[in-house]
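Step one of this worksheet: look at the structure below.
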Amino acid sequence: MGGRFPALLGALVWLSVPAAAVGQTMVEGKHFDFSPAEYHAAAPPIQGPEKARGLVIWNHGRGMTSADHKAPPLALHFAHRGWDVYTLYRGWGSDDRLRALQIVGAGIGKAQKMGYSRIVLMGQSAGAYAAIEAVRYGYEVEAVIGLAPAAHGNGTYWKDNDFAMRAIWEKYAGRKAKVAVAYFAEDDYYEAHAPNVRGPWLRDKLQSLGIPHYIINQPEIADLKGHGAGQSWNFARRYGACIFAFVESGEAPPCEEGDPSALATFQIVPQPAGRLDPTSPLAGLWHGTWGGGRLVAITMGGITGNQLAARYHAGLGANPAAELPSDVDWPLTLTATGMMRETPNAVFEFRRDGDRLFGTMTAKHNPDLKDTIVLQRVPERVSAR
């Protein structure tokens, strides 16, 4: 206990600092840069406060020397759906909690002076921590989105990413901001040591405080593991539409695997695949998520010879400019082991096991490039809507 006590006492003293005393004024161009976000894909131009839905402020994580300056696909998802996105670049190496909080406050002030009435803080790791802490200290924003929030290292003090943050969350009573937070399995900044603790606690706490919230807790799909999972294309494909819907509505949308209501969140409107054969164990609606994060549904109809009538429905993806919802005829060929479909670029194979379909996609140009999916049957009362 003696080795940890000074650090814990310091955390408690820091948490008692009033909002008016967060420290020196941060100067743009000297202490931080605040500019339109850059991405790893094409993005729409900045619209300005009069036309955009609002402004997303991206807060990057902490790095010792450098890290990727570009905003993640989740921010790009917001950009393509009407939001402007700016990066609050704090630099690297000297980014402690107080300095990060001061810079986030300065960024919010700059956004307000620019005329944005709706402001969302989005951040990863230390950037998420600073965004969450800014709301605790009274900075008013519409929502905060935290991806794997952490600011205490992955060694001796990893527990403080739960201990210190609980005191911060307690101060959210009376705050107006919506809260979306994602925690990932095998995140060495907490989850790898004590999995499935922070998510359930935070969900219960925000519920008790009456704070609109959406908690993504250690998802088991799309290979979403580790501290950086929230910055991946997989995460934006699978959860971008869900987080966007939450920010706009203030209500956690249907999004869980196995919930057929989630199809609407991804703008999937299933269409029938020809006549329905009531004798076929395959007939009806199936849905699931590819390993790359895309949620899809397949409607299966009647069988003629060795051909099964089907339609393939792909949901809204990470980049709404390139991964729009789609609905196409997709007949399948029955085989000795299941079903298959061959396209110019890939071979799809499926096998049924009860109310689940196990699928594999193999790229033709590279047989080592594969993706997998587990599709679940949608109950008849839902699929018949």
* Please tell me the relative contact order of the chain in percent, rounded to the nearest whole number, where contacts are Cα pairs under 8 Å and at least six residues apart. => 11 percent
* Please find, in a Gaussian network model of the chain (springs between Cα atoms separated by less than 10 Å), the residue of TRP233, TRP58, TRP169 whose mean-square fluctuation is greatest. => TRP169
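In Å², what does the accessible area per residue of region 304-385 work out to with a 1.4 Å probe?
About 57 Å² of surface per residue is accessible.
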* Structure fact -> The correct ranking of LYS205, LYS171, LYS110 by accessible area at 1.4 Å, largest first, is LYS171, LYS110, LYS205
* Got a number for the accessible area of THR25? Probe 1.4 Å, square angstrom, nearest 10. -> 110 Å²
* **Relative contact order (%) - region 59-142, alpha-carbon pairs under 8 angstrom, separation at least six** => 40 percent
* Structure fact -> Sorting GLY138, ILE108, MET122 by the position of each Cα along the dipole of region 97-154 (Lys, Arg +1; Asp, Glu -1; all at Cβ), the one nearest the positive end of that ordering is ILE108
* Asked: Build a GNM of the chain with springs between Cα atoms under 10 Å: which of VAL181, VAL56, VAL269 gets the top mean-square fluctuation?
  -> VAL269
* Going 7 Å from the Cα of LYS30 toward and past its Cβ, which residues in region 68-108 have a backbone nitrogen under 11 Å from where you end up? -> none
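Based on Cβ point charges of +1 for Lys and Arg and -1 for Asp and Glu, what charge dipole magnitude is obtained for region 38-174 about its Cα centre, in debye rounded to the nearest 20?
I would put it at about 140 debye.
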* What ranking of ASP95, ASP355, ASP223, ASP259 comes out by heavy-atom accessible area, probe 1.4 Å, highest first? -> ASP223, ASP355, ASP259, ASP95
* Structure fact -> Two pseudo-spin positions, 7 Å from Cα along C-beta at ASP259 and at LEU369, lie apart in nanometres by 3.4 nm
* Asked: Where a ≥ b ≥ c are the square roots of the eigenvalues of the C-alpha gyration tensor, would you call region 276-337 rounded, which needs a/c under 1.5, or, failing that, prolate if a/b is larger than b/c, or oblate?
  -> prolate
* Positive-end residue, the chain charge dipole about Cα centroid, Cβ charges, pick of PHE348, ALA43, PRO325 -> ALA43
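For region 80-180, which GluC sites (Glu not before Pro) are both in a DSSP coil and crowded by at most 14 other Cβ atoms within 10 Å?
On the way: sites: GLU133, GLU140, GLU142, GLU170; in loops: GLU140, GLU142.
Taking region 80-180 and a limit of 14 other Cβ atoms within 10 Å, the loop GluC sites (Glu not before Pro) found are GLU140.
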* **Solvent accessible area, Å² - ILE268, 1.4 Å probe, full protein context** => 10 Å²
* To do: Place +1 on the Cβ of every Lys and Arg and -1 on the Cβ of every Asp and Glu in the chain, take the dipole about the Cα centre, and give the residue among GLN207, HIS193, THR337 whose Cα lies farthest towards its positive end.
  => GLN207
* Asked: Where is the GNM fluctuation largest for the chain (alpha-carbon springs, 10 angstrom cutoff): MET165, MET339, MET114?
  -> MET114
* Asked: Considering the values (1) 99, 71, 39; (2) 99, 62, 52; (3) 76, 51, 42, which represents Cα extents along the principal axes in Å as calculated for the structure under consideration?
  -> (3)
* Can you bin region 278-385 into rounded, prolate or oblate? Criterion: square roots of the alpha carbon gyration tensor eigenvalues sorted a ≥ b ≥ c, rounded for a/c under 1.5, prolate for a/b above b/c, oblate for the rest. => oblate
* Quantify, in whole percent, the carbon and sulfur part of the accessible surface of region 224-334 (1.4 Å probe; protein heavy atoms only). => 56 percent
* How much accessible area per residue does region 83-168 have, in Å², with a 1.4 Å probe? -> 28 Å²
* Quick one: accessible surface of GLU349, probe radius 1.4 Å, all protein chains present, in square angstrom to the nearest 10. => 100 Å²
* What percentage of the solvent-accessible surface of region 110-216, computed with a 1.4 Å probe over protein heavy atoms, is contributed by carbon and sulfur atoms? -> 47 percent
* Place a +1 charge on the Cβ of each Lys and Arg in region 129-256 and a -1 charge on the Cβ of each Asp and Glu, then give the dipole magnitude about the Cα centre in debye, rounded to the nearest 20. => 280 debye
* Ordering PHE235, PHE358, PHE163 from largest to smallest accessible area (1.4 angstrom probe), what's the sequence? -> PHE163, PHE358, PHE235
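Mind putting a number on the dipole of the chain about its Cα centre? Charges go on the C-beta only, +1 for Lys and Arg and -1 for Asp and Glu, and I need it in Debye to the nearest 20.
On the way: 38 positive and 37 negative charges, 127 e Å.
I would put it at about 620 debye.
The values are calculated or read from the model by the stated rules, or taken from the named source; none is laboratory data. Treat the numbers as computed from the prediction; the structure is a model and nothing was measured. Cβ sites come from the backbone with ideal geometry, for glycine too, and all protein chains shown count toward neighbours. Note: areas computed on protein heavy atoms with side chains; ligands, DNA, RNA excluded. Shrake-Rupley method; radii C 1.70, N 1.55, O 1.52, S 1.80 Å.
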